[in-house]
1. Starting from residues that are outside any helix (DSSP H, G or I) and touching a strand residue (DSSP E or B) at 6+ places or on another chain (Cβ under 6 Å), keep the ones in segment 211-247 and report whichever is farthest from Asp194 (Cα to Cα).
2. Just one of Trp64, Trp93 is modelled with pLDDT of 95 or more, assigned to a helix (DSSP H, G or I) and within 30 Å of Glu250 (Cβ to Cβ); which is it?
3. From the set of residues in segment 140-162 that are within 16 Å of ligand 2 (Cβ to nearest atom) and closer than 22 Å to Arg100 by Cβ, which is farthest from the chain's Cα centre (by Cα)?
4. May I ask you to list the residues in segment 163-187 that are under 18 Å from the mean Cα position of the chain (by Cα) and either over 24 Å from Arg224 (Cα atoms) or of a type in the set (A, V, I, L, M) (or both)?
5. Considering each residue of segment 192-248, count those that are of a type in the set (Phe, Trp, Tyr) and touching a Gly at 6+ places or on another chain (Cβ under 8 Å), and give that number.
6. Of everything in segment 180-210, what is within 20 Å of Leu255 (Cβ to Cβ) and either within 12 Å of ligand 4 (Cβ to nearest atom) or in a helix (DSSP H, G or I) (or both)? Give them in sequence order.
7. Report, by residue number, each residue of segment 75-100 that is closer than 15 Å to Glu59 by Cα and either polar (S, T, N, Q) or crowded, with 20+ Cβ neighbours inside 10 Å (or both).
8. If I ask for residues that are aliphatic (A, V, I, L, M) and either assigned to a strand (DSSP E or B) or under 21 Å from Gly253 (Cα atoms) (or both), which ones from segment 166-179 would you list?
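The values are calculated or read from the model by the stated rules, or taken from the named source; none is laboratory data. Just so you know, these numbers come straight off a predicted model, no measurement behind them. Because the Cβ atoms are built from the backbone with ideal geometry, glycine has one as well, and the counts that use them run over all protein chains shown.
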Amino acid sequence: RAKDSGRNAFRFYERGMDAAVATRNLLELDLRDALRSGGFALHYQPIFALNDGGLRGFEALLRWNHPVRGAVPPGEFIPVAEESGLIAPLGAWALNEACREAASWPGELRVAVNVSAVQFRKQGLEQAVIRALATSGLPARRLELEITESVLMQDSDAVIGCLHRLRALGVRIALDDFGTGYSSLSYLCRFPFDKIKVDRSFVRDLDSPVAAAIVRAIVGIGERLGSTITAEGVETEEQLNRLHSKGCTEVQGFLLSRPMAAEDARAFMQERTSAAA
Ligand code: C2E
Ligand code: MG
Ligand code: MG
Ligand code: MG
């Protein structure tokens with residue numbers, strides 16, 4: 001009997017796997033459709049300087065409103081796009097869209113675009129960036145690319161070369177989600193990042209002495225390297241104050257603002273800039 005139920009459990013598991021594969025394949029087809037029919041949007045989350053509270057720019061975040069399933073989070077569809085090769089056209093779309101939008105923003109406000117490790121492996125990223133800047137007219141200094149450590153884990157020289165050429169164009173390079181995954185301080189030796197983004201998990205645990213010490217260490221390294229240190233996922237006043245006292249340069253999080261549709265972001269910066277004037 002035990003053996004029987006074991007076998008049944010296995011078969012059930014197998015069928016579950018089939019279902020997962022089928023769901024994934026459907027998602028891939030739907031992604032392809034959405035790319036063709038303009039089914040994606042970018043939302044923009046404000047980033048503020050801690051010294052004067054000024055708005056510095058926005059991070060562009062992909063949104064997909066699935067015709068049947070409704071909003072699908074990027075954590076779910078980006079991996080599928082990466083496995084299927086769709087990340088290259090999707091990433092190019094996001095770059096073009098973000099640059100086009102940001103070109104109409106006032107002053108020196110920047111836009112940060114997330115770039116997947118797979119986009120680096122596929123090549124063509126550099127051309128996509130150059131094209132997005134040229135067609136939008138956005139000055140390179142107002143574009144920031146957010147990459148994760150996984151980018152630096154793959155082959156090195158080709159990737160580092162590509163990062164240097166992007167930086168030579170004037171584009172800023174940020175290291176996202178720092179402190180998570182396979183994080184290693186040695187990545188900081190391989191490339192002079194303009195910005196290091198402290199992962200949300202450390203901000204959340206800031207009342208633990210260990211997390212606080214880690215944030216302080218990252219801030220210290222950033223000061224030495226001349227990199228901006230941005231804390232992500234700031235949700236409470238208390239976290240904000242702690243980050244300020246630890247010398248963090250910038251903050252981003254639900255406490256300050258959630259990501260917004262492009263037109264809401266435009267209204268948001270209008271209020272900000274007219275209030276400052
Ligand atoms: P990320 O680049 O680290 O983006 C920050 C994520 O944290 C966003 O989630 C944002 O909505 C969320 N967030 C911001 N403030 C808070 C907060 O105070 N509390 C909490 N709990 N969350 C906060 P989102 O939009 O779901 O994106 C998830 C991830 O998907 C991003 O993490 C990024 O890795 C990836 N992603 C999003 N857009 C793109 C894109 O255009 N290209 C690529 N390759 N990846 C993208
Ligand atoms: Mg990011
Ligand atoms: Mg992040
Ligand atoms: Mg992340």
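1. Val234
2. Trp93
3. Leu143
4. Leu163, Leu166, Val171, Ile173, Ala174, Leu175
5. 1
6. Lys197, Val198, Asp199, Arg200, Ser201, Phe202, Val203, Arg204
7. Across segment 75-100, the qualifying residues are Gly91, Ala94, Leu95, Asn96, Glu97, Ala98, Cys99.
8. Ile173, Ala174, Leu175, listed by residue number.
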